[in-house]
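Engineer: The structure under discussion is supplied below as structure tokens; questions concerning it will follow.
The values are calculated or read from the model by the stated rules, or taken from the named source; none is laboratory data. This structure is a prediction, so every number in the text was calculated from the model and none was measured. Cβ atoms come from the backbone with ideal geometry, glycine included; neighbour counts cover every protein chain shown. Protein only, heavy atoms only, side chains kept; ligands, DNA and RNA dropped before computing areas. Shrake-Rupley method; radii C 1.70, N 1.55, O 1.52, S 1.80 Å.
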Amino acid sequence: MGFLDGLLGGRAADFDSGNASTNAIELTRRHQAVSLTKQDAATGHLRVNLTWRMRTSDFGARRTSLLRDPFKALRPPEVLGHGQSMVNVDLDLGCLYELTDGTKGVVQPLGGYLGDVNAPPYIKLSGDDRFGSGSGETMYVNLDHREAIKRLLVFVYIYDQTPAFDRTHAIVTLYPSNGPRIEIGLDERHPQARSCAVVMIENVKDELIVRREVKFVYGFQGELDRLYGWGLQWGRGYKTKVDR
């Protein structure tokens, strides 16, 4: 192998590798995909977790001395509670699925489509976190039935509040049964977007590939459906009210 081959070899790699210090793989625009099969992690329950925390607007923040903290102006402060002047955001985790037998559908809090982990679609949403708690929302995928799965599109949407993806710091984390966790941050600035296709899990010739998408849209699930050609019929759904 020549010297130039050695320099260029890293660019041809298809998959990112884990970070030894954090035991995590971060999927980015540069490193977009990882193989669960090659990590020996294509069995057991794959846990998919959504967490977020609120941030204030870049405008109206109290000015502080740049000499005391030169990077303070570059980062919006975190919000630990919601005041009346703060934007109240309810992020939801969902998944469009297509099975190898042609069955298509969705798992999401809206409409109570929570799925089943031991029967088709082999996906189960544990609940609906409406307040951005520390645990967030969690979905489980039973990869012991991976031969029945053709593709899964994990997405996040804002149900019925002000579009404010730019006010949240949201992370979707995949916890395979083996190997490092996989993180996808939703840090791009799309203030009017209501939905985001986060990650695709696809069965390609008996290999499970996880691929970063991070595509924001200004509509809801129907727009994500059209973008990825799912072909489902969508109608207006409602959540039951809860006490604050």
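Engineer: Mind listing the phi-derived Karplus ³J(HN,Hα) values for region 92-108, rounded to whole Hz, using 6.51, -1.76 and 1.60 with θ = phi - 60°, and x for any glycine or proline?
Structural biologist: Once θ is set to phi - 60°, the couplings for region 92-108 become 10, 9, x, 8, 7, 10, 9, 8, 5, 8, x, 5, 10, x, 9, 10, 6 Hz.
Engineer: Which loop-located chymotrypsin sites (Phe, Trp or Tyr not before Pro) does region 142-223 contain, where loop means any DSSP state but H, G, I, E or B and the Cβ has at most 13 other Cβ atoms within 10 Å? Write down the numbers at each step before the final one.
Structural biologist: Details: sites: F155, Y157, Y159, F165, F216, Y218, F220; in loops: Y159, Y218, F220.
Taking region 142-223 and a limit of 13 other Cβ atoms within 10 Å, the loop chymotrypsin sites (Phe, Trp or Tyr not before Pro) found are Y218.
Engineer: First check a/c for region 164-229, with a ≥ b ≥ c the square roots of the eigenvalues of its C-alpha gyration tensor; if it is under 1.5, answer rounded, and if not, answer prolate when a/b is larger than b/c or oblate otherwise.
Structural biologist: oblate
Engineer: Kindly flag which residue pairs out of K104/K150; K124/K150; K124/K215; K104/K124; K124/K205 have an alpha-carbon separation exceeding 21 Å in this structure.
Structural biologist: Too far apart for the 21 Å limit: K124/K215; K124/K205.
Engineer: Moving on to the next point. Provide the solvent-accessible area of S35, counting protein heavy atoms only and rolling a 1.4 Å probe, rounded to the nearest 10 Å².
Structural biologist: Accessible area, nearest 10 Å²: 0 Å².
Engineer: Calculated FRET efficiency, N178 and A24, Cβ-Cβ r, R0 25 Å, to nearest 0.05?
Structural biologist: 0.95
Engineer: Excluding ligands and nucleic acids, what accessible area in Å² is computed for H190 using a 1.4 Å probe, to the nearest 10?
Structural biologist: 50
Engineer: Over all distinct alpha-carbon pairs, what is the Kirkwood Rh of region 145-200 in angstrom?
Structural biologist: For region 145-200, the Kirkwood estimate is 13.1 Å.
Engineer: Can you tell me how much longer the chain between K104 and S126 gets when fully stretched, taken as 0.36 nm per residue apart minus their C-alpha distance, in nm with one decimal? It would help to have the intermediate numbers written out before the result.
Structural biologist: Working: separation 22, 0.36 × 22 = 7.92 nm, distance 2.02 nm.
Fully extending the segment from K104 to S126 adds 5.9 nm.
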